[in-house]
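The values are calculated or read from the model by the stated rules, or taken from the named source; none is laboratory data. These numbers were taken from a predicted model, which means no experiment stands behind them. Glycine gets a Cβ as well: all are built from the backbone with ideal geometry, and neighbour counts include every protein chain shown.
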Amino acid sequence: MAAHRCGLSLVCILIFSTPAPAPARDQFQEELVIRPLHSGDIYASFQFRTLWDTDFLQERQKKVSHYRLFPKSLGQVLSKFSVRELHISFTQGFWRTMQWGQPFIPSPPGAELWVWFHHTVSDVDGNWKELTNVLSGIFCASLNFIDMTNTVQPSASFKPLGLGNATDHRFLRYATLPREIVCTENLTPWKKLLPCGSKAGLAVLMKSEKLFHSSFHSQAVHIRPICQDEQCTSKAWELRQTLNVVFDHYTSGQGKKEWSLFKMFSRTLTEACPLASSSKVYVDITDNPELSPATHLLSRAVVLGDRRTYSVYDLTRAETFGQLRSFNLLLRWKGDNMLRPLLHAERYVAGFGLQTGEIHTVIYNNHPYRAFPVLLMDSVPWYLQLYVHTLTVTSKSRDNKPSYIHYQPAKDRHRPHLLEMLIQLPPHSMTEVTVQFERALLKWTEYTPDPNHGFYVGSSVVSALVPSMVAMSTNFTQDQPLFSSFVPVKEESSYFVRVYTEPLLVNLPTPDFSMPYNVICLTCTVVAVGYGSFYNLLTRTFQVDEPSPPLAKRLANFIRRIRGVPLLA
Amino acid sequence: MAAPLTLLLIVAVTIRAVLFRSSLAELISERVEVVSPLNAWKRVVEGLALLDLGVSPYSGDVFHETPLMIYLFHFTVDYAEIVFMIADGITAVALYLSIQTYNKNVFRKQKYALESDRYPADCLELLRSPKEMFYIPLKVAMFYLLNPFTILSCVAKSTCGLNNAIIALFIFCTLKGSALLSGILLALATYQSIYPLTLFAPALLFFLQRLYIPVNLRRSSFWFFTLQYAFIYVGSLVVITGLSFFLLGSWDFIPSVYGFIFSVPDLTPNIGLFWYFFAEMFEHFRLFFICVFQINVFFYTIPLSIKLKEHPVFLIFMQIAIISIFKSYPTVGDVALYMAFLPAWSHLYRFLRNIFLVSCVLLACSALFPVLWHLWIYAGSANSNFYYAITLLFNFGQILLVSDYFYAYLRREHHLIHGLYLKKKDGTEATLVLK
């Protein structure tokens, strides 16, 4: 009897106890790449990657609620808005491709946000609007200025970087805010998303007083689903937080090609992030700089079509920090040779006056003998009315007709222009794309408080598969350094490059802002003059003008009328 | 009279051809006084280019022409200059023939009235003689063809020239008495820009007068003819709109063309009153003032028709003038159309009160428009208020011109009934006032 009761209670316990949660299989890696540039500037690129083996969008599984390394705010955003891919970047400064080469992860000035939604979403625009507002709160940025007047749906330029073969561009939204300023208020919440925060690991170097005292500063968040192995049997979510910064040779470096971690960040590294499975510092030594402390760990990688050699410092090993328990890197170099970037683009506004203008986009192909196609995407606000019949593409002073043009004209106050073209660039040439536009006069409430500053036009995006001089490896390994695995390499002979041009600043004609009441009065006066003249002529008839008698006579007549006596003449 | 007209046409074509081939053509087609977002040639070319790219021209906010324009220019875009010169020629010839017919009618009525002794004795000097009326049609054609406004409009290839041609043909058909053609052409003119809708009333009055049907709302003959004419007009309008639907397969053109004309979203400066008013309008009142301004164009029709029911041709002139002044996107081409009629009223010269002032104002404003535009947009030393002021003055001058001619017309009619030399009760010379 007792045994039965015991057994029953055991069964009850077994039934009513909740099953133990599956162990969270997530992983965090951090790395810093330091690349000396030939102009004396130094380029530092931080990448923090969290891989998490879960599925936010599957309905069968229980709703994800146990977050460990992956930030909860972003996870909730992904599941609430059914986001498949999210890329957001905040950039201060413009990347000078001709002086600095190609960045590991390109970004345009200001804020850029592009999102692929899941194909189950029914109201993409509604989700997009809410998403921008939520992200605006998470990153303390004014992303709420993103609305339908500056959002486009590119058809070919922004293919998913992660998994996913659905290429219906109705689920893609792209917006850019060229006027957005990046400052400490944006860096702080970005740092909070890291598992170790800014207390341990590489993130201790990210102090705003030095980071913003630079030529270029870009922080970004990229979330996408990826394959975990070659055969893609299991999928995982990858969150990459990247921070690219270029320190200026003259203002921060005192004019010497000699840099150290302390000089760049005013901090040194003391320990790796305990939650990280790998924490490494890579220094580009292809041009043989002097490096101290020396290391024997070397890594060779082909990145952006160039074979480079890196010294590797593993921060998870205690001997990297030496006896002082602090790691400070010293770098000195002399060389002046630089790899000329194969693809480069510029943009400017031509013309004079406030009525018309021309946008010129110049794309350079510096490959000596190979021609390759590029996809140029232009998103122009509605108040610059583009005339697509004036679009000309010339290469080497001959007409070069694009093979694919996708043009969506703007609707006033609803959506911007979207122009995407596939242009074949001849080898070693300059291609110029020009299009004329007219400037609109806006309503006085639609101008910013500083209307004579001008209106920003977002950067053009040039995307291309550039033929590589060096064979790239398409092998998939888990130990690849992060900077070389951001963009998936599909073939050996070319690599994907995205170049952003400068944003444009265009002046529009302005009305006089002090005059609304005056204008209303004056115009209504003219209309009233018209009305009055016509009213007079329509309702009155011509009569002979009999002058009215003087007052005395009128009074006399009045009295006479009372008396009943005949009136005066 | 064919020879002088042909000579005039040759001279006009020569001037236009010379200007087409010169470098001024580019400059003129950019001027905001001559082209507006509704009728610019650049936008027609843009619409055709969008159609070639596979995008509907109405999906953006650049193209605001009707589908029949697409159809017309799809085939003739390479010969556009010839098309616009032919349109100007058609307008001039149509106006010439219309005024000729009108003068014949006027002279005939005057003869009958003289024979039945309807005029007082002292107003014989107000009567018109064939000698005086002989050159008027030629002068009307000349006023249209050699008017700098028309030449500018033609060289800029503004589709306003085509609209003017349709309205001139409508006037011609009305004066010739063909109700069917008149209804069809009026429907076409309304389809192009909505404002010629107001010309329905004068055309109807003309036909009623011609067919000796009294304008009495209680008589069935009045309603019978009105309904016939309205049926022709509305029927043609429906057919034309239906044809436009089948051209592109969608109703997109209705908000793009008519919605655009009515709601004035584009605030590009022009010679009208709308643009700056709505650029400075408080958002809250925008809809109210749009309605007020649009009603302003249409609501003079009924009062004017009542006052001028015996004089439908003058009513046509008044209506065209009111449309040109108060429409949402006026250009100088619209102004040129009603100015062409002025020689037909040259007998009113003695009663015009402000003609010198008005002509000085209009000349000065026409000269100042490009100057102040340059100062605002290119030199940056003036602001939009300068250009706006000249706009106000130009419209004020036009209003003064039209109301002056109206006053003179009414005054002449009054004198024809009551005599020219009026005396007060005590025998001294009287002055006439409006009371």
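What the table below lists for this structure:
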item: Which listed residue is touching a residue at least 12 places away in the same chain (Cβ under 8 Å) and buried (at least 16 other Cβ atoms within 10 Å of the Cβ), from A:PHE486, A:PHE542; result: A:PHE486
item: Residues satisfying the stated conditions in the stretch A:289-322, i.e. among the aliphatic types (A, V, I, L, M) and in contact (Cβ under 8 Å) with a residue 60 or more places away in the chain; result: A:ALA301, A:VAL302, A:VAL303, A:LEU304, A:LEU315
item: Selected residue (criterion: farthest from A:PRO373 (Cα to Cα)) from residues of the stretch A:402-429 that are over 25 Å from the mean Cα position of the chain (by Cα) and small (Gly, Ala, Ser); result: A:SER429
item: Filter result for B:LEU188 (surrounded by fewer than 24 Cβ atoms within 10 Å (Cβ to Cβ), assigned to a helix (DSSP H, G or I) and at pLDDT 95 or above); result: yes
item: Selection count, the stretch B:1-29, where residues are in contact (Cβ under 8 Å) with a residue 40 or more places away in the chain and either assigned to a loop (DSSP other than H, G, I, E, B) or more than 27 Å from B:ILE70 (Cβ to Cβ) (or both); result: 10
item: Test: residue in the stretch B:401-418 that is at the interface with chain A (Cβ under 9 Å from one of its Cβ atoms), within 17 Å of B:LEU152 (Cβ to Cβ), touching a helix residue (DSSP H, G or I) at 6+ places or on another chain (Cβ under 9 Å) and not small (Gly, Ala, Ser); result: no
item: Failed condition for A:TRP382, given (1) in a strand (DSSP E or B); (2) within 14 Å of another protein chain (Cβ to nearest Cβ); result: (1)
item: When residues of the stretch A:116-136 are limited to those that are touching an Asp or Glu at 6+ places or on another chain (Cβ under 8 Å) and at pLDDT below 95, the one farthest from A:VAL487 (Cα to Cα); result: A:HIS119
item: Residue within the stretch B:58-67 that is touching a strand residue (DSSP E or B) at 6+ places or on another chain (Cβ under 8 Å) and either more than 19 Å from B:GLN192 (Cα to Cα) or among the hydroxyl-bearing types (Ser, Thr, Tyr) (or both) present; result: yes
item: Every residue from the stretch A:323-376 that is of a type in the set (Gly, Ala, Ser) and surrounded by fewer than 17 Cβ atoms within 10 Å (Cβ to Cβ); result: A:SER326, A:GLY335, A:ALA350, A:GLY351, A:GLY353, A:ALA371
item: Tally of residues being in a loop (DSSP other than H, G, I, E, B) and at pLDDT 85 or above across the stretch A:217-262; result: 1
item: Residue in the stretch A:430-442 that is assigned to a strand (DSSP E or B), among the aliphatic types (A, V, I, L, M), away from chain B (no Cβ under 12 Å) and over 26 Å from the mean Cα position of the chain (by Cα) present; result: yes
item: Residue match in the stretch A:118-134 (condition: closer than 24 Å to A:TYR404 by Cα, in the same structural domain as A:TRP95 (by the TED database) and surrounded by fewer than 21 Cβ atoms within 10 Å (Cβ to Cβ)); result: no
item: Failed criterion for B:TRP251 (all others in (1) within 14 Å of chain A (Cβ to nearest Cβ); (2) loosely packed, with under 13 Cβ neighbours inside 10 Å hold); result: (1)
item: Helices (runs of 4 or more DSSP H) wholly inside the stretch B:57-137 that include at least 1 residues being under 30 Å from B:ASP252 (Cβ atoms); result: B:67-76, B:80-115
item: Failed item in (1) farther than 30 Å from B:LEU393 by Cβ; (2) in a loop (DSSP other than H, G, I, E, B), with A:PRO511 passing the rest; result: (1)
item: Count of the stretch B:340-372 residues which are under 30 Å from B:PRO130 (Cα atoms) and in contact with a Phe, Trp or Tyr (Cβ under 8 Å, 6 or more places away or on another chain); result: 11
item: Residues (among the small types (Gly, Ala, Ser) and part of a loop (DSSP other than H, G, I, E, B)) located in the stretch A:309-363; result: A:GLY322, A:SER326, A:GLY335, A:GLY351, A:GLY353
item: Unique match (being touching a helix residue (DSSP H, G or I) at 6+ places or on another chain (Cβ under 8 Å) and within 14 Å of another protein chain (Cβ to nearest Cβ)) among B:SER256, B:SER236, B:SER193; result: B:SER256
item: Selection status of A:SER79, outside any loop (DSSP other than H, G, I, E, B), touching a Phe, Trp or Tyr at 6+ places or on another chain (Cβ under 6 Å), of a type in the set (S, T, N, Q) and not assigned by the TED database to the domain that holds A:TYR500; result: yes
item: Residue in the stretch A:549-560 that is more than 30 Å from B:GLY419 (Cβ to Cβ) and among the small types (Gly, Ala, Ser) present; result: yes
item: Residues satisfying the stated conditions in the stretch A:105-143, i.e. under 14 Å from the mean Cα position of the chain (by Cα) and over 30 Å from A:LEU304 (Cβ atoms); result: A:THR132, A:SER136, A:SER142
item: Condition met for A:PHE534 (crowded, with 18+ Cβ neighbours inside 10 Å and in contact (Cβ under 8 Å) with a residue 40 or more places away in the chain); result: no
item: Matching residues in the stretch A:492-523 - criterion: being touching a residue at least 12 places away in the same chain (Cβ under 8 Å) and small (Gly, Ala, Ser); result: A:SER493, A:SER494
item: Any hit, the stretch B:338-346, residues being on the phi > 0 side of the Ramachandran plot and either surrounded by fewer than 23 Cβ atoms within 10 Å (Cβ to Cβ) or assigned to a loop (DSSP other than H, G, I, E, B) (or both); result: no
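The rows are residues; the columns are (1) of a type in the set (Ser, Thr, Tyr); (2) in contact with a Leu (Cβ under 6 Å, 6 or more places away or on another chain); (3) part of a helix (DSSP H, G or I); (4) in contact (Cβ under 8 Å) with a residue 12 or more places away in the chain.
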site	(1), (2), (3), (4)
A:ASN127	no, no, yes, yes
A:GLY137	no, no, yes, no
A:LEU161	no, no, no, yes
A:GLY164	no, no, no, yes
A:GLU180	no, no, no, yes
A:GLU185	no, no, yes, yes
A:THR188	yes, no, yes, yes
A:LYS191	no, no, yes, yes
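Yes/no per residue for (1) buried (at least 17 other Cβ atoms within 10 Å of the Cβ); (2) of a type in the set (S, T, N, Q); (3) out of contact with any helix residue (DSSP H, G or I) (no Cβ under 6 Å at 6 or more places or on another chain); (4) within 25 Å of B:PHE262 (Cβ to Cβ):
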residue: B:ARG16; (1), (2), (3), (4): yes, no, no, no
residue: B:ARG21; (1), (2), (3), (4): no, no, yes, no
residue: B:GLU33; (1), (2), (3), (4): yes, no, no, yes
residue: B:ARG43; (1), (2), (3), (4): yes, no, yes, yes
residue: B:PHE63; (1), (2), (3), (4): yes, no, no, yes
residue: B:HIS74; (1), (2), (3), (4): no, no, yes, no
residue: B:PHE84; (1), (2), (3), (4): yes, no, no, no
